[in-house]
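S.K.: Okay, here's the structure, questions in a sec.
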């Protein structure tokens, strides 16, 4: 018998093992839900799959009586728009400042302590400030996301830029490169795949800030809906919404990973060989 | 006028003297190999020629002019690792120097200029035997091929001096002798002035035209950093014989042992 640390599961075993916790969770839910419903058919805490299905149908297919919109899609659209804006702006800020801070010592000396200080402010603590300054609509939600994740991306990319081998920067100078040319042709292209990595890592936080902002003040959005129906203990809506948000987060992550692979074919080789 | 001249150059970090009393004149077209114990300042010397470090005392001139205090296109470099750009294909690695020179703002060439640069880069790649790999990324190449690429990339901008920092230290012996032939060939064909650091004393004894040995002549066991290394032997390569080889090897060994004991 091999030691446990040497035992590699086969592909199928690995897949089965990976699915197991999900299946177990579903089973546990089913059993608990059945037990509660047997005791009280009107229990709202753990709705049956049938009532979850009904709720999904109501939210995702039938138009809302009041607004005429299909709520799930309206909510998804609103949330994804805020998320994309917030993450996109953060990525641009992260790229511009991260590279400048990492590549140019004078910029680093001037701005690094400031960025570090900024990143230590708990974003949720300034949400009231954002509401006061930007009002209760879209801008303050996007700004909260930016405030929450841009400092992380800036600091991560600053670090990645500084980790580029010094030899490459020297080499570029011996090829006649100016500061601008070196940033454009040597630093930026090597930082872009790392930007996508940083964005992937910060997506979880971005969702957190989005839902927090929507919970407090919004008229549509996934987070808004969850916190709205909580008043009626509508677990049959909340649970599918949470599952849907999780699925969206997963798909975004996969999409970014595929994009990195397709757009930067050299990156995988280089990382595998430890030369990136 | 010498291509490179050093006049009483010292390099110190605080009270740590790395190099002292360096005086040297190197003419255009010479091929200098630099050997010596590790920690004897060979790399520091190369970094001073590169412009990455400045001498604490004394001066260095390049064709009579003071050496610029930062790296530039007149001095090419090949490091042991990280000499090529991982995000560019082989061909684009070589084209980069040409593009940087011709397009100060965008760093990219288009149209006819791009075609000319590509042609030039392909000739350079053919000269180092890499034409077949021109669309691959560096990480897909072997160590020897990466160093060939690094040489081609440096030479395409026609530097006056080529600096080699143990370029073949990480390669297998068989590949290494191929690379020696290639470097000698490129040196002769491009009329380069070469400074090459090597760990391998034998390499220094037959490659090139001039052997520079870096070693410490003064030792203070109580303060091992009080004295720096200097050039102890400066020999034309033809005049080196077996006895001298053994003497230098013993000297270098002794310095390395002393350093190990001090540490």
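S.K.: Within segment A:171-187, does at least one residue satisfy the condition of being within 14 Å of chain B (Cβ to nearest Cβ) and touching a strand residue (DSSP E or B) at 6+ places or on another chain (Cβ under 7 Å)?
M.R.: The answer is yes; a qualifying residue exists.
S.K.: So, one more: Counting only residues that are part of a loop (DSSP other than H, G, I, E, B) and in contact with a strand residue (DSSP E or B) (Cβ under 7 Å, 6 or more places away or on another chain), which one in segment B:54-73 is nearest to the other protein chains (Cβ to nearest Cβ)?
M.R.: Here the residue is B:67.
S.K.: Still on this structure, please answer the following. Got at least one residue in segment B:224-242 being modelled with pLDDT of 85 or more, assigned to a loop (DSSP other than H, G, I, E, B) and surrounded by fewer than 17 Cβ atoms within 10 Å (Cβ to Cβ)?
M.R.: There is no residue in segment B:224-242 that is modelled with pLDDT of 85 or more, assigned to a loop (DSSP other than H, G, I, E, B) and surrounded by fewer than 17 Cβ atoms within 10 Å (Cβ to Cβ).
S.K.: Can you pull out the residues in segment A:48-79 that are surrounded by 16 or more Cβ atoms within 10 Å (Cβ to Cβ) and closer than 25 Å to residue A:141 by Cα?
M.R.: A:59, A:70, A:71, A:72, A:74, A:75, A:76, A:78, A:79
S.K.: Mind checking which pairs have a first residue in segment B:115-130 that is within 16 Å of residue B:146 (Cβ to Cβ) and a second that is at pLDDT 95 or above and exposed (fewer than 14 other Cβ atoms within 10 Å of the Cβ), Cβ under 8 Å, 6 or more apart or different chains?
M.R.: So the pair list comes out empty.
S.K.: Suppose we keep only residues that are out of contact with any helix residue (DSSP H, G or I) (no Cβ under 7 Å at 6 or more places or on another chain) and either facing chain B (nearest Cβ under 9 Å) or more than 28 Å from residue B:78 (Cβ to Cβ) (or both) within segment A:152-169. Which one would you say is surrounded by the most Cβ atoms within 10 Å (Cβ to Cβ)?
M.R.: A:167
Yes/no per residue for (1) away from every other protein chain (no Cβ under 13 Å); (2) not in a helix (DSSP H, G or I):
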position: B:108; (1), (2): no, yes
position: B:113; (1), (2): yes, no
position: B:122; (1), (2): yes, no
position: B:132; (1), (2): yes, no
position: B:146; (1), (2): no, no
position: B:176; (1), (2): yes, no
position: B:194; (1), (2): yes, yes
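S.K.: Scan segment A:209-224 and give yes if some residue there is surrounded by 20 or more Cβ atoms within 10 Å (Cβ to Cβ) and out of contact with any helix residue (DSSP H, G or I) (no Cβ under 6 Å at 6 or more places or on another chain), otherwise no.
M.R.: no
S.K.: Could you identify the single residue in A:246, A:260 that is closer than 27 Å to residue A:147 by Cβ and within 14 Å of chain B (Cβ to nearest Cβ)?
M.R.: Going through A:246, A:260 in turn, the sole match is A:260.
S.K.: Going by the conditions given, is residue A:198 closer than 24 Å to residue A:87 by Cα, exposed (fewer than 14 other Cβ atoms within 10 Å of the Cβ) and more than 14 Å from chain B (Cβ to nearest Cβ)?
M.R.: no
S.K.: Further question on the same structure: Residues in segment B:36-53: is at least one in a strand (DSSP E or B) and either touching a residue at least 12 places away in the same chain (Cβ under 8 Å) or surrounded by fewer than 17 Cβ atoms within 10 Å (Cβ to Cβ) (or both)?
M.R.: Yes, segment B:36-53 contains a residue that is in a strand (DSSP E or B) and either touching a residue at least 12 places away in the same chain (Cβ under 8 Å) or surrounded by fewer than 17 Cβ atoms within 10 Å (Cβ to Cβ) (or both).
S.K.: Tell me which helices (runs of 4 or more DSSP H) are completely within segment A:169-276 and hold 2 or more residues being closer than 30 Å to residue B:163 by Cβ and at pLDDT 95 or above, or say none if there are none.
M.R.: Because the criterion is at least 2 residues that are closer than 30 Å to residue B:163 by Cβ and at pLDDT 95 or above, the helices (runs of 4 or more DSSP H) in segment A:169-276 that meet it are A:179-182, A:188-216.
S.K.: Step by step: first the residues of segment B:88-106, then only those that are at the interface with chain A (Cβ under 8 Å from one of its Cβ atoms) and crowded, with 22+ Cβ neighbours inside 10 Å, then the one that is farthest from the chain's Cα centre (by Cα). Which residue is that?
M.R.: B:99
S.K.: Scan segment B:79-87 and give yes if some residue there is more than 14 Å from chain A (Cβ to nearest Cβ), in contact with a strand residue (DSSP E or B) (Cβ under 7 Å, 6 or more places away or on another chain) and within 27 Å of residue B:8 (Cα to Cα), otherwise no.
M.R.: No, segment B:79-87 contains no residue that is more than 14 Å from chain A (Cβ to nearest Cβ), in contact with a strand residue (DSSP E or B) (Cβ under 7 Å, 6 or more places away or on another chain) and within 27 Å of residue B:8 (Cα to Cα).
S.K.: Which of the following residues is over 20 Å from residue B:41 (Cα atoms) and either in a strand (DSSP E or B) or touching a strand residue (DSSP E or B) at 6+ places or on another chain (Cβ under 9 Å) (or both): B:171, B:164, B:184, B:212?
M.R.: The match here is B:184.
The values are calculated or read from the model by the stated rules, or taken from the named source; none is laboratory data. In this text, all values refer to a predicted model and were calculated from it rather than measured experimentally. Quick reminder, even Gly has a Cβ in these numbers, built from the backbone with ideal geometry, and neighbours come from all protein chains shown.
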